[in-house]
Amino acid sequence: MSSKPREQTDVLVIGAGPAGAVAAALLRRQGRHVVVLEKETFPRFSIGESLLPQCMEWIEKAGLLQDVVEAGFQYKNGAAFVCGDDYTDFDFRDKFSAGWGTTYQVQRATFDKVLADGAARQGADIRYRHTVLEAHVEGDAPWLKVRDADGNDYEIEAAFVLDASGFGRTLPRLLDLETPSDFPVRGAIFTHIADGIPLGTFDRNKIRVTIHPEHQDVWYWLIPFSNGRCSLGVVAAQPFLDRYTGSDTERLQALVNEDPSLATLLANATWDTPARHISGYAANVKSLWGQHYALLGNAGEFLDPVFSSGVTIAMTSAHLAAGLLARQFNGETVDWQSEYAVPLKRGVDTFRAFVNAWYDGRFQQLIFYKDKNADIRRMISAILAGYAWDQTNPCVQQPERWLNALVKACAPD
């Protein structure tokens, strides 16, 4: 046992990334005392740099909009897709769903710190280099054993715990909640570069997704930043990536050179940051909630980076959880399964259907189809903009059925 008295707070948030910062800010606006435990020091590197417009609603509700707008990030209004000589793009301002149609492409080291600093200014107690060692959730109130930046252990108790630890997956790991994802094991190799792309030759207001010229399930991301740099990465099944030897930078360069349009676009790039890789990132859990706790964002489930849905799912989960905690603290009975897990999963499952359709080629066939009508484009644009919870959109109501019907209609005679 710790020799110090156990601390008390209203809500404990594990992780100060986008989900944790938004949740903390929303809870502070309710007047709750919030402690955020972050094992790293910000700023720190992270990928997931291309936001979706749906995020802007949650940033605004959390009182963080001015912080984000004034940070000077790269404006984003859509997504472009390239496959050989085929090109198509979607302007998120022209979409089916109401709401924001623009957002930003961000260097996450800066963006995450902007959000965390904003939450701290609203009164959240953010503790960097504090690592959760144990989680005890079975009693009347959950408590955590934590090690601080100086190596001292202490205990802290709360009425509720939100796990926003991302790929660290703190509660799933400590409470044995992890379960295998049903997605194939894929990997990514990525870096930041000074892209050297001449002005006027590239739309920096959109993420560019390039499909490998020979392998439809291999794709590249190119996310421009506001300072002449960009995030560059490739995603493929792990056995495919294992064919490439050398450093991660050499492997990524070899893969970029296999696509003529991408290689030409980046001909003047300066590769000044060593590339990194991750694999087996898809994750799932037995439950998104339990007595006195809920899992936010990637701590619960991560699908795939292809539609940049990770930060949107994270912030949406923070918004849902904070709203339910407001009611719970006011004495209402909250059903976390029907009011948190089910609605959150509805949007995640929409993204899941589109991710599956991307890798099996159906979605690619659909987006490059030359004669799509305007209404269908606007429905697709809404999903790509992050509005995967809008039940008025037919492709959200029954995404698999909708995709199959459209692909059939677009199939050549």
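The values are calculated or read from the model by the stated rules, or taken from the named source; none is laboratory data. None of the values given here were measured: they were computed from a predicted structure. Here the Cβ is made from the backbone with ideal geometry for all residues, glycine too, and neighbour counts use every protein chain on show.
Summary of values
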{"quantity": "Count of residues meeting criterion [in contact with a strand residue (DSSP E or B) (Cβ under 9 Å, 6 or more places away or on another chain) and on the phi > 0 side of the Ramachandran plot] in region 136-183", "calculated": "2"}
{"quantity": "Count - residues of region 57-95 that are more than 18 Å from the chain's Cα centre (by Cα), within 22 Å of residue 373 (Cβ to Cβ) and surrounded by fewer than 21 Cβ atoms within 10 Å (Cβ to Cβ)", "calculated": "9"}
{"quantity": "Region 390-413 - residue that is farther than 17 Å from residue 356 by Cβ and charged (D, E, K, R) and, of those, surrounded by the fewest Cβ atoms within 10 Å (Cβ to Cβ)", "calculated": "413"}
{"quantity": "Condition check for residue 79: in a loop (DSSP other than H, G, I, E, B) and either modelled with pLDDT of 95 or more or of a type in the set (Ser, Thr, Tyr) (or both)", "calculated": "no"}
{"quantity": "Residue in region 178-216 that is nearest to residue 308 (Cα to Cα), counting only those that are surrounded by fewer than 18 Cβ atoms within 10 Å (Cβ to Cβ) and among the small types (Gly, Ala, Ser)", "calculated": "181"}
{"quantity": "Region 77-117: number of residues that are within 26 Å of residue 34 (Cα to Cα) and among the charged types (D, E, K, R)", "calculated": "4"}
{"quantity": "In region 255-270, residue farthest from residue 228 (Cα to Cα) [restricted to those that are touching a residue at least 40 places away in the same chain (Cβ under 8 Å) and of a type in the set (Gly, Ala, Ser)]", "calculated": "261"}
{"quantity": "Among the candidates 32, 28, residue that is buried (at least 22 other Cβ atoms within 10 Å of the Cβ), outside the structural domain of residue 264 (by TED's automatic domain parsing), more than 21 Å from the chain's Cα centre (by Cα) and not in a strand (DSSP E or B)", "calculated": "28"}
{"quantity": "Residue in region 68-91 that is outside the structural domain of residue 227 (by TED's automatic domain parsing), touching an Asp or Glu at 6+ places or on another chain (Cβ under 7 Å) and of a type in the set (A, V, I, L, M) present", "calculated": "yes"}
{"quantity": "Near pairs, Cβ below 6 angstrom, 6+ apart or cross-chain, from region 282-298 (farther than 14 Å from residue 313 by Cα) to any residue that is β-branched (Val, Ile, Thr) and crowded, with 18+ Cβ neighbours inside 10 Å", "calculated": "293/161"}
{"quantity": "Close pairs from region 346-375: first more than 20 Å from residue 86 (Cβ to Cβ) and in contact (Cβ under 8 Å) with a residue 12 or more places away in the chain, partner in a helix (DSSP H, G or I) and of a type in the set (Ser, Thr, Tyr), Cβ under 7 Å, at least 6 apart", "calculated": "347/316"}
{"quantity": "Single residue of 271, 221 found to be over 30 Å from residue 342 (Cα atoms), in contact with a Ser or Thr (Cβ under 8 Å, 6 or more places away or on another chain), hydrophobic (A, V, I, L, M, F, W, C) and surrounded by fewer than 21 Cβ atoms within 10 Å (Cβ to Cβ)", "calculated": "271"}
{"quantity": "Test for residue 139: is it assigned by TED's automatic domain parsing to the domain that holds residue 313 and touching a Gly at 6+ places or on another chain (Cβ under 9 Å)", "calculated": "no"}
{"quantity": "Selection from region 215-254 of residues that are without any contact (Cβ under 8 Å) to a residue 12 or more places away in the chain and either in contact with a Pro (Cβ under 8 Å, 6 or more places away or on another chain) or of a type in the set (D, E, K, R) (or both)", "calculated": "242, 243, 250"}
{"quantity": "Flag if residue 289 is crowded, with 17+ Cβ neighbours inside 10 Å and more than 25 Å from residue 181 (Cα to Cα)", "calculated": "no"}
